[in-house]
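Undergrad: Let me give you the structure first, and then I'll get to my questions.
The values are calculated or read from the model by the stated rules, or taken from the named source; none is laboratory data. Because the structure is predicted, anything quoted here is derived from the model rather than measured. Every residue, glycine among them, receives a Cβ derived from its backbone with ideal geometry; neighbour counts consider all protein chains shown. We work out accessible area using only protein heavy atoms, side chains counted, and drop any ligands, DNA or RNA first. Shrake-Rupley method; radii C 1.70, N 1.55, O 1.52, S 1.80 Å.
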Amino acid sequence: MGKLRILIADDESLHNMGLRAQLESLGHDVVGEASSGQEAVEIACKLKPDLAILDIRMPDVEGIEAASRISSQMPMPIILITAYSEVALAERAVEAGVFAYLIKPVSEADLLPAILLAMARFKEFQMLQQDIKDLREALETRKVVEQAKGILMQRRGFAEAEAFRILQLQSQKENKKLIEIARAVILAEKLL
């Protein structure tokens, strides 16, 4: 896993000091400390840490809301720490995109697996996000190429395979993506 740059947030400075000591003992750098949820959001956006560890009960903006705001602005793995083991809080934490949830007092023995799990789950999340993006692009490409093939088949009387091959050859010839060539065919059809 290596050394992580971590943001910690708790409105009780003793908890922040203890958490900092534990994280540094585990070989990580605490790059930011916050005493409120709003401050945690601002520091996270400014410093872009690898991980954020937030207390749930903080002034102005609670930890769950801060986690939600951080995740929407710049997704990162977030661990919530709380003295309360309420099911409703855990459910809200899940909805906010939190990757782990610990009950105080937190020991190094609890912290290490939570960090490992949060980092692994976040990596999986990023890979799934990329897969979704790739699938959307592939679907869009397919729709546009199908439309362009239809135009070539109708206008020029080509068979489907031949129309596709013409698009491919033009793509290679112009060193452009297939979707760009297909869009050009569609645009030309609209202009005519």
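Undergrad: Test MET58 against the stated conditions and say whether it is buried (at least 16 other Cβ atoms within 10 Å of the Cβ) and out of contact with any Leu (no Cβ under 7 Å at 6 or more places or on another chain).
TA: Against the criterion (buried (at least 16 other Cβ atoms within 10 Å of the Cβ) and out of contact with any Leu (no Cβ under 7 Å at 6 or more places or on another chain)), MET58 qualifies.
Undergrad: Among the residues of segment 69-97 satisfying the criterion of being out of contact with any strand residue (DSSP E or B) (no Cβ under 9 Å at 6 or more places or on another chain) and of a type in the set (Gly, Ala, Ser), which is most open to solvent (accessible area, probe 1.4 Å)?
TA: The selected residue is SER72.
Undergrad: Scan segment 155-169 and give yes if some residue there is over 33 Å from the mean Cα position of the chain (by Cα), over 30 Å from PRO75 (Cα atoms), in a loop (DSSP other than H, G, I, E, B) and among the aromatic types (Phe, Trp, Tyr), otherwise no.
TA: There is at least one residue in segment 155-169 that is over 33 Å from the mean Cα position of the chain (by Cα), over 30 Å from PRO75 (Cα atoms), in a loop (DSSP other than H, G, I, E, B) and among the aromatic types (Phe, Trp, Tyr).
Undergrad: Okay, moving on. Please verify whether segment 98-110 includes one or more residues that are under 30 Å from ILE179 (Cβ atoms), in contact (Cβ under 8 Å) with a residue 40 or more places away in the chain and open to solvent by 50 Å² or more (accessible area, probe 1.4 Å).
TA: Taking every residue of segment 98-110 in turn, none turns out to be under 30 Å from ILE179 (Cβ atoms), in contact (Cβ under 8 Å) with a residue 40 or more places away in the chain and open to solvent by 50 Å² or more (accessible area, probe 1.4 Å).
Undergrad: Would you confirm, using the coordinates I've provided, whether PHE158 is open to solvent by less than 80 Å² (accessible area, probe 1.4 Å) and over 30 Å from MET58 (Cβ atoms)?
TA: yes
Undergrad: Could you list, in sequence order, all residues of segment 169-190 that are under 22 Å from GLU140 (Cβ atoms) and surrounded by fewer than 13 Cβ atoms within 10 Å (Cβ to Cβ)?
TA: LEU169, GLN172, GLU174, ASN175, LYS177, LEU187, ALA188, LYS190
Undergrad: Determine which single condition PRO113 fails, assuming it passes every other condition in (1) open to solvent by 10 Å² or more (accessible area, probe 1.4 Å); (2) touching a residue at least 12 places away in the same chain (Cβ under 8 Å); (3) of a type outside the set (Gly, Ala, Ser).
TA: Single failed check for PRO113: (2).
Undergrad: What are the pairs, 6+ residues apart or on separate chains, where a residue within segment 33-52 that is closer than 11 Å to ILE6 by Cβ has its Cβ under 9 Å from a residue that is aromatic (Phe, Trp, Tyr)?
TA: Pairs found: LEU51/PHE99; LEU51/PHE122.
Undergrad: What is the number of the single condition among (1) within 22 Å of LEU7 (Cβ to Cβ); (2) surrounded by fewer than 17 Cβ atoms within 10 Å (Cβ to Cβ) that GLY150 does not meet?
TA: For GLY150, the exception is condition (1).
Here's the yes/no breakdown for (1) at pLDDT 95 or above; (2) closer than 17 Å to VAL106 by Cα; (3) not β-branched (Val, Ile, Thr):
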residue	(1), (2), (3)
ILE6	yes, yes, no
VAL31	yes, no, no
LYS46	yes, no, yes
PRO49	yes, no, yes
PRO59	no, no, yes
SER68	no, no, yes
TYR84	no, yes, yes
LEU89	no, no, yes
ARG92	no, no, yes
